[in-house]
Structure formats: structure tokens, C-alpha cells
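The values are calculated or read from the model by the stated rules, or taken from the named source; none is laboratory data. As the structure is a prediction and not an experimental result, all values here were calculated from the model. Here the Cβ positions follow ideal geometry from the backbone for every residue, glycine too, while neighbour counts run over all protein chains shown.
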Amino acid sequence: MPLTVSEFDFDLPPTLIAQSPLAERSASRLLRVAPDTLEDLSFRDLPSLLAPGDLLVFNDSRVLHARLYGRKSTGGEVEVLIERPLGDHEALAMVRASKSPKPGSRMTLMDAFDVEVLGRVGEFFHLRFPQEATVIELIERHGRLPLPPYIDRAAAEADEARYQTVYARHLGSVAAPTAGLHFDQTVLDQLAARGVKTAAVTLHVGAGTFQPVRVERIEDHVMHREWYVIPEDTVAAITATRAAGGRVVCVGTTSLRALESAARDGELKAGAEETDIFITPGFQFRVADRLITNFHLPRSTLLMLVSAFAGLDTIRNAYAHAIANRYRFFSYGDAMLLDKAST
């Protein structure tokens, strides 16, 4: 029988949706999840849960100031969320307005510059930015940090640091790779002292990551596309880890999606391309052995991914336990360490 989205639904008390980060990154809780094992820990326990020779793979994408406000030439207010740049002077974006802007129309954003609406690409608008600077330069100069839709407040000064990982490098995401938000320099130093190695990939997270699955049969869902880069030295580090008997531990679903996308032909390859990989139960994982991740939205593709990785019943039990024990959910929430289910 085909899987349905209803199998990935659950009731979450709104009070468990974390609205702000904790005072310290690594003060969050960590639920260790393995078949028949649920263990309540602190994220600071992570180094003791990994072995010398294990490899952590981080996503080093950095969040853009991708939220912009403005008005149409007709005077109506608009809110623009950049999905991703297309070259230096164009971008795809979500546009909220009382009436959708038409192709050929213009919008003034942040009282600073005009953009032209070129047309639609699915649910996104194709926008042309002025030639005076690149899209990323204009966004970073004038835009605001785009907190997720379930955080019911505007971004504050503290979010400028806390909604970025400490190792973020490459600008391009409109949402943080949130599993990495728990790492601070102390935890990173402890991992290094234990002999745990690190490597990086880059996957620029798009706004589609927050979109619920709106079809009942999940096989009918059309996945959003995201850009990723796998460096040669990361492939070499994974190869060396495997040869030495270590485990590849993905920090976040974004790191996992990048690696599994690059290994879909059976061999992990370095390079850069788009992916629309949709990981659901039954997927054959070729790279990841363990996964560090936050708690995900009901009916979301990321909940389907972790269910594929750890097992549907295992994830159901873990989420029920987390709700009963009042774990904090979503971007600023707590974390899980998942073992890959045996096949």
C-alpha cells in the first residue's frame, strides 16, 4: 500500500514550539534514539556518544537576509522572501501581497531599490534586480533575517548570531541548517580531542523546506529543489573513515540530503548541482550511518526522511516520548541522535 501523509501527522502542543534560543547553544537536550532505546541526555553529552575515527559532516551554508518588505507600483504592500538567487541579478522568491504582482510590474523594496517581476516559476516569482550590485549584496545590505513561519516574532539582534551556525561560511540559505545550531566551540573542541573528525558540504536551504505535503499519497508530492556542493576533500574524508571502520554522522537532514544525492548512482561523487531528492521509507542510504537532527514539522518531508532513516515506528515512539517529556521543537528546539535502522 502506498504511504499516505496522514501516517506522518501528530498533535503538537503549541507551547512546545521553541520561540527563542536558549542562553547557550549546547544547553539543549539530546534524545538518543535507537531501536528499542530512548535516552534523555544533554547535547553536551554528544562527544561521549561518538567514537574516535567517526566523521561529522556539517552543512556550512550561511543564512541570507532574505526577507524584504516594500510596495508595488500600484501602492499595495508586499513581503518578499528570496528562495534563491539566479545568477548575479535575478532571483526566485515568494511574494505575499493582497493581489499577485503581474509580469512586467515593478516593486520597490526596503525603500532602497526596484525589482521587476519577470514571471512565475511554479509557486515562486522570477524577479530581476538592479545592476548596481549583486542580488546577494543587495539582500545582505537591506534585507532582514528570515525566521521560520512558526516563530511568531520578528528577528531580533540576538538572532543575527544565534540563527547561524558557528561554522557558517557560504551565503545562500533562507533557513538555517538547524541541527548545527547546537554546536559551540567547546563541544567542537571536545569532539576534536576525542578524535572525532569533521568535514563539510554546502546545501543552500530553500523556503520549500517549510512547506507541508499537500497531497495524500506521498508519492504524488513534487519536491522542491536545492543547490549543493560536495568538496573533493569531503569525499576523501568519508572514504578514509569507511576504510578505517568509522561511522559517517550527518549533522542535519541537509547534510544527509546532499550526500545521498551525490551517491544516488552508487558511488559518492564530488561536485555541485541541484537536488530534488525525496527520501521516504524504503530509501536505500549509501553514506550516512547516524544523524543529528532537530524535531520536524508534522506532515513534512523532513519527518518522512527521519522516518526512513531510523524507522517509522521508532520515530513515532521518539516523538511521543519527546512530547510527553516536553522537549522543545523545531528550529530553536532540542535535538536527536538517530542510528540508521538495519535493513
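See the values below:
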quantity	calculated
Residue check, Ala51 over 25 Å from Ser307 (Cα atoms) and either outside the structural domain of Gln211 (by TED's automatic domain parsing) or in contact (Cβ under 8 Å) with a residue 12 or more places away in the chain (or both)	no
Complete set of residues in region 316-343 that are in contact with a strand residue (DSSP E or B) (Cβ under 6 Å, 6 or more places away or on another chain) and over 16 Å from Arg29 (Cβ atoms)	Asp339
Residue count for region 198-231, restricted to those that are more than 18 Å from the chain's Cα centre (by Cα) and either under 22 Å from Leu171 (Cβ atoms) or crowded, with 21+ Cβ neighbours inside 10 Å (or both)	2
Filtered residues of region 239-261 (kept if surrounded by fewer than 20 Cβ atoms within 10 Å (Cβ to Cβ) and either touching an Asp or Glu at 6+ places or on another chain (Cβ under 9 Å) or in a helix (DSSP H, G or I) (or both))	Thr239, Ala240, Arg242, Ala243, Arg247
Flag for Ala175 being in contact with a helix residue (DSSP H, G or I) (Cβ under 6 Å, 6 or more places away or on another chain) and within 13 Å of His65 (Cβ to Cβ)	yes
Residue ranges of strands (runs of 3 or more DSSP E) in region 49-99 with at least 2 members in contact with a helix residue (DSSP H, G or I) (Cβ under 9 Å, 6 or more places away or on another chain) and over 15 Å from His142 (Cβ atoms)	55-59, 77-86, 90-97
Verdict on Glu39 being part of a strand (DSSP E or B), farther than 28 Å from Arg153 by Cα and among the charged types (D, E, K, R)	yes
